[in-house]
Structures are given as C-alpha cells and as structure tokens.
Amino acid sequence: MNLIEEYENGLLTYQEFQQFIWGCGQRLINDVGLDKFVFYLNAEEDEFFEEE
C-alpha cells in the first residue's frame, strides 16, 4: 500500500500525510500517476476539486 492509499483508507491523518508526501518521489508518482500526486500536493484538508 502506498502513501496515498494509506491516507485514502484513513490510516494517516492529514497532517501526517502532508509531512510524508513532500519526501515522496518518483516511486509514488509511478504508483498513482502524476495527476493524482499533484492533486494531493495542492489539496487542502477536506477540500475537493471537480475535474473539468
């Protein structure tokens, strides 16, 4: 299970997730895709964005 999956499954708090995601690199991007990775870099807690 990767970092984003752990967060989506409620295993990490938003604060923990934000601390860890900045240290993740190419492996996580390869696992989830660039769009999803960038979405989580830019997202705020409990804030969701509609895709256009």
Next item on the list: Convert each backbone phi in the range 11-20 into a coupling constant with the Karplus relation 6.51 cos²θ - 1.76 cosθ + 1.60 (shift: θ = phi - 60°), then list the ³J(HN,Hα) values in order as whole Hz, x for Gly and Pro.
Entry: 7, 10, 6, 4, 5, 4, 4, 5, 5, 7
Checklist line | Backbone HN-Hα couplings from phi across the range 26-41 [Karplus 6.51/-1.76/1.60, Hz, Gly and Pro as x] | finding: 4, 5, 5, 4, 5, 5, 10, x, 4, 4, 5, 4, 5, 4, 6, 5
Next item on the list: Can you tell me the alpha carbon radius of gyration of the range 3-42 divided by the globular rule-of-thumb value 2.2 N^0.38 Å?
Entry: 1.04
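When a footprinting reagent is the concern and you count Cβ atoms within 10 Å, what order do 37, 20 take, fewest first?
In increasing order of surrounding Cβ atoms, one gets 20, 37.
Values in this text are rule-based calculations from the coordinates and carry no lab data. Here the structure is a predicted model, which means the values were calculated and not measured. As a convention, Cβ positions derive from the backbone with ideal geometry for all residues, glycine included, and neighbour counts pool all protein chains shown.
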